[in-house]
Structures are given as C-alpha cells and as structure tokens.
Amino acid sequence: MTSKTADYRSINRWKTVTTTKWKGVPVVDVLKSCGVTDPRATLTLYAPDGYFWPGPSGKLTVADMKKANPTGLVRLIGYEEGGAKLSPEPDGTGPLRYVSPQYSQVETNKPSWVSNLRVIVVGPLKKGEKPPSAKKVPSSELVVFGRVSPTYPYSIAFPIVAAALGLLFLVAAIVLPRKKKEDTDPSKINGAAVTLVVLLTCFLIWPAASARAADGQVVFTMDQLKAMPSVTAHYTFLKQLPPYTYYESDYTGVPLPVLLDQKVGVGAGATKIIVHASDGYTAELTVDQARATYPGGLLPIIAYAEKGKPLTGEEGSLRLIVPQSKQGNHDQGGEPNTPLCARMVRSVEISPSGVSVDPASVPEGSLAVYGNLGTPQPAPAPAPAPAPAPTPAPTPSNNASPAAQAPSSPAAVNTPVTSAKRVAAIFSMSLAGRVLDAIACVPFRLVTRGIVTSFRNWP
Amino acid sequence: MRRNLLIALCVLLLATALPGCGKQKVLLESEKRLSGMYRACQNIVIADPPKTTRVAVSSFSSLQQQTVNAVLKRSNGMKISGTWSGVKLSDVLAANGVATPFKELKITAYDGYVGRISYDIAVMPDTIVASRESGKPLPRDEGPVRLVVASQDGFYWIRMLTRIEVLR
C-alpha cells in the first residue's frame, strides 16, 4: 500500500468550506489487502460514538471506492491532516479518518467523513451476523469485517491434524511417565518438551505453511521479454462507450500463451488471469481467453512496441492487447476490446493467488508474473501447426519486424524469484509474525478479524 | 519430569494470554484519555468580550430544570428519539451576565468541533444544555453535558462542550 497526499475540499451542513491537506491510504487498497475485491460488496464505516456512513438510506460499494472525482482524488483512510498525525477520540478525529473528496463542486461531503474510523463492514451480511462494536476496537486497530476472503485461503485440515496430534502427545506425556519407573533417566526423551515443540511449531507456522507452495513470482525485465518469441501483427481496437472510437495499429509483443505456458506455467487450479497496471487498473481474462486464438489468427499479447517503436507515455512501456473477438467498428457490429487492453501493465496475476504484488512496486519496463504458477511447458517443435506458437503469421506486419521473431529462441532462463518482501508477507501472516509485530509495538496495524468467508460463498 | 511439564504448560498459557494483554493496554489508554476529557469538560468557558467567565457544570443544578422530548437526526440520516433533561441555554447565559440580544454563539467542543448558533435558536426554550438522557447521566464519551437543540438537526447537538463565545 502506498500513501497518497492531496488537498481535500469539504462542505459541511453549516455550509462551511474547508480545504486541508490529507495523507492516507486509498480505501480500495486497504480493502484489497484484506481480500475484498468484489465491486458489488457494500461498505459501512463505523466510529466508536455510534456514527456510521453511509446512513440508512445511502449505499456505498467497493466500486465507489475505486472511483476518482473529476480532479483525480479518491476516497482515503487518512491518518495525517495538514502534516499532523490524527489523535484518537475524545480530542481528535483519528487515528484514522475516512475522507471522501467532492464529486461535484457543491456536494456536501463532510458528513461522510467518518472520524475515529474503527470498523469497516463489508456486506451484505448474513441474517443475524453481528459486526464487532466499534467501541470495543482499540484505537490501534482497524477491523475489516464481513464478506472478506480469508487471509489464508487454504485447507484448515493441516492445523486440525497438527493440533490433534499435539494433544495426543500431550495426553501420552501425562499418562505414560506414571507407568514407567525409570523416568529419572536423563537420556530419555522429555515427552513434555517434545509436545511443546510440536504444538508450538504447528501453532506458529501453520498459516505460513498453508500459503500454497505453488505460489511464486517471476520478474521479467524488458530485455528478457524482448528475447522471447514475439509476434508483430495488425490489431484493431474498439472502445466500449460512445463515441465508440475505433482505431488500428501494428503492435509487437510476447504472446500471452507463450508467456503463460512456456515461460512460467499455469497451475492446475487457475481460473483467471488478472493483468494489473501501475495505476491500479486491472483487466480480467479467463485462462481460456488468454490462450485463445482470435479471428484473423491473432493472439493476445503483452506489447512493447508499436510500429517498431517502444511504447511511451500513458501507454507505459507494456500494454496488454486482446484482439477483438469480432472484428470491425461499432457500426459493423465489432466487439469492444479496449477495456481489456490495459496500459501501463506491470504484473500478471494467475488467480486464485495466495500472494499479492503491488503493481506500482514493479519497476517500469519489467513484468511480474505471480500467483498459481505451474510447470512451464517446453516450446513446441520448430514447425508447429496448431499450438499457440511463435509463428502465427496472421495479417502480417509491414514495417516492423524485430530480430526476436526467430522461433525456438534461446529464451533466457528465469528462475522464480523469492523476493524478501514476499517472504516477509508470508511470515507476517503467521502467528509468530503477529506476536513479533505486537512486541515491536507498531503504532498502527491494519488487521482483519471476525468471520472470514470466501467469495465462493457469495449468494 | 513433572516440573518440566508444569513449566511447559505455563509457557503455553502465557503464550495464549499475551496477545490479549496488548489490547487491554490500548483500551485502558483510551479510557485515560476519556477521563481527561471528562475532567476538562467539567468547566465551560463563557467568553463575552471583554469578559471571560469559567463556569462549573455542577453549578447548573441550581437553575430551573427543563426536559425535552426530541429526535436527534444525525448527519447520516439516522434518527434517535429520546428524552433529554438539563437547563435552558438562555438561562445559563443569563446567569452569567450575557446581555441579550447578541448575533450568534460560537460553541467549541473538546475535539475542536465548532458550531455556530444564531440568537433565535439559542433562546428557544427547547435549546438546552443537557446533563441527563432518559433520566440517566449522559454516556461518558459525550461529556458531562451536551447541547440539545430540539428544533435542529444533529450538527447543532454539540457534545463535550468546552467554550461558548458570544458574537455581537
């Protein structure tokens, strides 16, 4: 999560207009870090004095949190106002305050600024499900409660078996020594000590152990991407909204099927491919969509050059290009494809994933591929016919054909990188990490607790 | 052997109890802050330039008591109906020598919240400085007294009163 600083203007019910500098984290980032991604999920924010927003007649969704106002501001969880840290009630409005920008110049937005924010309820809740009272949440915590996907989305069988085994050991340790007379023998293994070690170890590391081993991360640099088999083709683009702009151009890039299947491998349980841009934009493809060959024999690509020139400006150095599934402009009944053609691409997530990578943390020009990785398939034989091969040769390129066109390229070996950040993230998920966290007295921690339910249980 | 087992169990117990301790401490700290506010709000400053008086909230009990049935409408649209009792704001001002009429009152709360109340609203008989809600003392986090302005929405109902400034 990265903090943002910006001036927020507010109008209250007294018609007082104020502008103050706020520093905080976008609400959407906080939610995402807790596993809340469904844009339809409703949100209610609570303060210990009983205030909540939105009120009984209002509605706020995760999609609203992503929305920026005309000047580009988003809703924040603020912790600094005018350069000063917020203090908790009763003399302050912190340590966290929900800050919402004005979406129109005249909007009375101050009532939505929830002071002393403690609890975010992600709904709709099940009948009878009670969120924790904001009064009982200490000022050092923010509780995100409700339809939150679990921090540990993996089997709970492991800890249960471990706990059962541990208990068995404990019982054995209590019962057995009584029968034996020679328990003064120092060479005997100390049953209690073993039990303790087993129990504590299981207890402390199970969340970390349950983070799937298959979850990995590979970072490709621009040079490595350019060394991969590439495709240069003529792509057409149609926007989804009026005036349905239609344009065409030649792009060069790495075919998504090559990247996914030959370079990193897609895990067995993978369902979706999510492409993340540095500004937080995401494009979601099904695995089939990512592997498909589109009309005209086109393949989806991660493009790095347009008409032979490297991508620049707002296209970033990488752009996802998904061909139209039905070619043509709006009048010809073409299929809009620009929503999927994400610019400024930084990472590709193979979902479901136990790891998360902040796309903004990936250096410009590099591409991180992470999530449910499998084993890379070898590139097909030099003369492949059907498979997503490096030689699709459709609507061929005219003026651009980089050297990397050669099939069966040596392809730089990319060994999975275990970033220190990722190890730290997994460790902080474990109990041992949490205990250390508490000891270190981190002044403010974001925690999720309460009922954690996977989105699979959504109605 | 037995001793080891005992030590092991103690360590385990301690490990389970420790995380709880941290939270307890934070709650206690906020309780400390709350009592600080409660003490500070025992006195209200009434500033009527050039005069400034410090009034103890406890002295209000000698004034005539007023009970108001009202609906508190908070900014989010939530409505809470209840019965508040205390003393009329106009009586408090009169008892401290604030001459009428004035333009408006600028009322400041302990957390820095400021509300402006015009003369017409300030002298209404159902504008009171309440010390009790439904016959019981106010919840502690609202301070010893709060403003109840039955004719107006919640943003006039200022809690944790610390200062009343008269603007003429």
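No lab work stands behind these numbers, since they all come straight from the coordinates. Keep in mind it's a predicted model, so treat the numbers as computed, not measured. Cβ placement follows ideal geometry from the backbone for every residue including glycine, while neighbour counts extend to all protein chains displayed.
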The range A:218-344, relative contact order in percent, only Cα pairs under 8 angstrom and at least six apart counted: 28 percent
Relative to the compact-globule scaling 2.2 N^0.38 Å, provide the ratio for the alpha-carbon radius of gyration of the range A:296-370. 1.26
Got a sec to turn the phi values of the range B:150-155 into Karplus ³J(HN,Hα) couplings, 6.51 cos²θ - 1.76 cosθ + 1.60 with θ = phi - 60°, whole Hz, x for Gly and Pro? 4, 7, 10, 6, x, 5
Calculated FRET value between A:Lys130 and A:His234, using beta carbons and R₀ = 56 Å, to 0.05: 0.45
Which of A:Arg291, A:Arg97, B:Arg140 comes first, and how do the rest follow, when ranked by fewest Cβ neighbours within 10 Å? B:Arg140, A:Arg291, A:Arg97
Ordering B:60-69, A:165-174 by per-residue average of other C-beta atoms within 10 angstrom, highest first, gives A:165-174, B:60-69
For the range A:1-146, with only Lys/Arg (+1) and Asp/Glu (-1) charged at the beta-carbon, what is the dipole magnitude about the Cα centre, in debye rounded to 20? 280 debye
Computed label-point distance, nm, for sites B:Lys103 and A:Gln332 using a 7 Å Cα→Cβ extension: 7.0 nm
If I stretch the segment between A:Thr71 and A:Thr245 completely, what's the gain in nm (0.36 nm per residue apart, minus their alpha carbon distance), one decimal? 60.2 nm
The simple spin-label model distance between A:Thr221 and B:Val55, using points 7 Å out along Cα→Cβ, in nm, is 7.4 nm
Does the range A:1-143 come out rounded, prolate or oblate by the C-alpha gyration tensor, with a ≥ b ≥ c the root eigenvalues, rounded set by a/c under 1.5 and, if not, prolate when a/b is larger than b/c and oblate if not? rounded
Any chance you could list the semi-axes, whole Å, largest first, of the equivalent ellipsoid that the Cα gyration tensor gives for the range A:246-386, using √(5λ)? 23, 20, 15
Determine the gain in length on full extension of the stretch B:Ser81-B:Val114; use 0.36 nm per residue of separation and subtract their C-alpha separation, reporting nm with one decimal. 9.5 nm
Only four residue types carry charge here, +1 at the Cβ of Lys and Arg and -1 at the Cβ of Asp and Glu. Report the dipole size of the range A:59-139 about the Cα centre in Debye, rounded to the nearest 20. 460 debye
Of the residues A:Tyr98, A:Met65, A:Gly24, the Cα lying farthest along the dipole of the range A:4-146 towards its positive end, which is defined by charges on the beta carbon of Lys, Arg, Asp and Glu, belongs to A:Met65
With label points set 7 Å from each Cα along the Cα-to-Cβ direction at A:Lys309 and B:Leu167, the distance between them in nm comes to 5.9 nm
Computed magnitude of the charge dipole of the range A:17-80 (debye, nearest 20; Cβ of K, R +1, Cβ of D, E -1): 200 debye
